[in-house]
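**Q** Pasting in a structure now, in structure tokens, and then I'll have a few things to ask.
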Amino acid sequence: MVAEFADGAGALVVWQRLTTEVVRRGEAFDVVEDVVLRPDGEREVKAHVVVRPSVAVLALDERDRVLLTRQWAYPHRCTQWRLPGGPVAPADAGPEEAARRELLGRTGVEADGWERVGVVHGADSVTDHAEHLYLATGLRERAEGGGAVWRPAFEHALELVDRGAIPHAGSAHALLAVALRRTRQRGLEVV
């Protein structure tokens, strides 16, 4: 595989993958080592974690409140308020189906309106993980959710991001991206 991109000066930079070896297989992720040929001609071993993609759902109710869920973040050894979400399962047809499943499973809510917000790479120096972000509207209660759900106003959720109280990258990115869209829709300049 050859990866090409332009550097800041517009010159083409090429990284060539020479070999790939899975050094650890796991249920949730694999650890892979690639031997690459850098643009300067030197060989280097690049290790990274290969993870299934995941989703995060910015669900907004009719009162412009955000559905936040309390989730245990094992690597950080703490609970966090974050948008409902989770992994894209092998049985899912794609990220949007996973987003629908995760929203219902974690909050007991379904949505009529679905819009793709984007994708975020939260730790791309060590993993290929991609989190697909969605905006869900037209919410309706369908079942008992799987955990604690809090519904702060959208503006309050933005304040939480600003204070560092929502450290999850996908959640913060989705909230900020939708806030920027709203700013542009109101005709305000984004600095």
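The values are calculated or read from the model by the stated rules, or taken from the named source; none is laboratory data. If you're wondering where the values come from, they're calculated on a predicted model, not measured in any experiment. Cβ sites come from the backbone with ideal geometry, for glycine too, and all protein chains shown count toward neighbours. Note: accessible area is taken over every heavy atom of the protein model, side chains too, but ligands, DNA and RNA are not part of it. Shrake-Rupley method; radii C 1.70, N 1.55, O 1.52, S 1.80 Å.
**Q** Take the range 161-185 and flag every residue that is touching a residue at least 24 places away in the same chain (Cβ under 8 Å) and closer than 19 Å to Arg70 by Cα.
**A** Within the range 161-185, Ala165, Ile166, Pro167, His168, Ala169, Gly170, Ser171, His173, Ala174, Leu175 meet the criteria.
**Q** Checking Ala172 against (1) in contact with a helix residue (DSSP H, G or I) (Cβ under 6 Å, 6 or more places away or on another chain); (2) small (Gly, Ala, Ser); (3) outside any helix (DSSP H, G or I), which single condition isn't satisfied?
**A** (3)
**Q** Considering only residues that are of a type in the set (Asp, Glu) and touching a Ser or Thr at 6+ places or on another chain (Cβ under 9 Å), which ones fall in the range 94-117? Step through it out loud before you land on a result.
**A** Initial filter on the range 94-117 (of a type in the set (Asp, Glu)): 96-97, 102, 110, 112, 115.
Those that are of a type in the set (Asp, Glu) and touching a Ser or Thr at 6+ places or on another chain (Cβ under 9 Å): Glu102, Asp112, Glu115.
One line per residue, one yes/no per condition, for (1) without any contact (Cβ under 8 Å) to a residue 24 or more places away in the chain; (2) of a type in the set (A, V, I, L, M, F, W, C):
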| site | (1), (2) |
| --- | --- |
| Gln80 | no, no |
| Arg116 | yes, no |
| Val120 | no, yes |
| Ala136 | no, yes |
| Glu159 | yes, no |
| Gly187 | yes, no |
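**Q** A further question on this structure: Are any of the residues in the range 93-109 among the aliphatic types (A, V, I, L, M) and more than 14 Å from Leu58 (Cα to Cα)?
**A** Step one: of the range 93-109, the residues among the aliphatic types (A, V, I, L, M) are 93, 98-99, 103-104, 109.
Right, trim to more than 14 Å from Leu58 (Cα to Cα) and you get 93.
The answer is yes, given that some residue of the range 93-109 is among the aliphatic types (A, V, I, L, M) and more than 14 Å from Leu58 (Cα to Cα).
**Q** Give the number of residues within the range 80-131 that are over 26 Å from Val49 (Cα atoms) and among the β-branched types (Val, Ile, Thr).
**A** 2
**Q** If Thr79 satisfies all but one of (1) closer than 25 Å to Gly26 by Cβ; (2) surrounded by 15 or more Cβ atoms within 10 Å (Cβ to Cβ); (3) touching a Lys or Arg at 6+ places or on another chain (Cβ under 6 Å), what's the number of the condition it fails?
**A** The single condition Thr79 does not satisfy is (2).
**Q** Determine if the range 94-103 includes at least one residue that is over 18 Å from Arg70 (Cα atoms), in a loop (DSSP other than H, G, I, E, B) and open to solvent by less than 60 Å² (accessible area, probe 1.4 Å).
**A** For the range 94-103, residues over 18 Å from Arg70 (Cα atoms), in a loop (DSSP other than H, G, I, E, B) and open to solvent by less than 60 Å² (accessible area, probe 1.4 Å): present.
Residues checked against (1) exposed (fewer than 15 other Cβ atoms within 10 Å of the Cβ); (2) under 18 Å from the mean Cα position of the chain (by Cα):
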{"residue": "Leu60", "(1), (2)": "no, yes"}
{"residue": "Tyr74", "(1), (2)": "yes, yes"}
{"residue": "Pro84", "(1), (2)": "no, yes"}
{"residue": "Arg106", "(1), (2)": "no, yes"}
{"residue": "Glu110", "(1), (2)": "no, no"}
{"residue": "Arg116", "(1), (2)": "yes, yes"}
{"residue": "Asp124", "(1), (2)": "yes, yes"}
{"residue": "Leu158", "(1), (2)": "no, yes"}
{"residue": "Ala165", "(1), (2)": "yes, yes"}
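**Q** Something else: Do we find that Ala136 is among the aliphatic types (A, V, I, L, M), touching a strand residue (DSSP E or B) at 6+ places or on another chain (Cβ under 7 Å), farther than 14 Å from Leu68 by Cα and at pLDDT 95 or above in this structure?
**A** Working: among the aliphatic types (A, V, I, L, M): yes; touching a strand residue (DSSP E or B) at 6+ places or on another chain (Cβ under 7 Å): yes; farther than 14 Å from Leu68 by Cα: no; at pLDDT 95 or above: yes.
No: the conditions fail for Ala136.
**Q** From the residues in the range 62-96 that are of a type in the set (Ser, Thr, Tyr) and touching a strand residue (DSSP E or B) at 6+ places or on another chain (Cβ under 9 Å), which one is modelled with the lowest pLDDT? Steps first, please.
**A** Filtering the range 62-96 down to residues of a type in the set (Ser, Thr, Tyr) leaves 69, 74, 79.
Next, only the ones that are touching a strand residue (DSSP E or B) at 6+ places or on another chain (Cβ under 9 Å) stay: 69, 79.
On the way: Thr69: 96, Thr79: 90.
Looking at the filtered set, the residue picked out is Thr79.
**Q** Against the definition (under 30 Å from Val14 (Cα atoms), touching a residue at least 40 places away in the same chain (Cβ under 8 Å), crowded, with 21+ Cβ neighbours inside 10 Å and touching a strand residue (DSSP E or B) at 6+ places or on another chain (Cβ under 8 Å)), how does His48 come out, yes or no?
**A** Taking the combined requirement at face value, the residue does not satisfy it.
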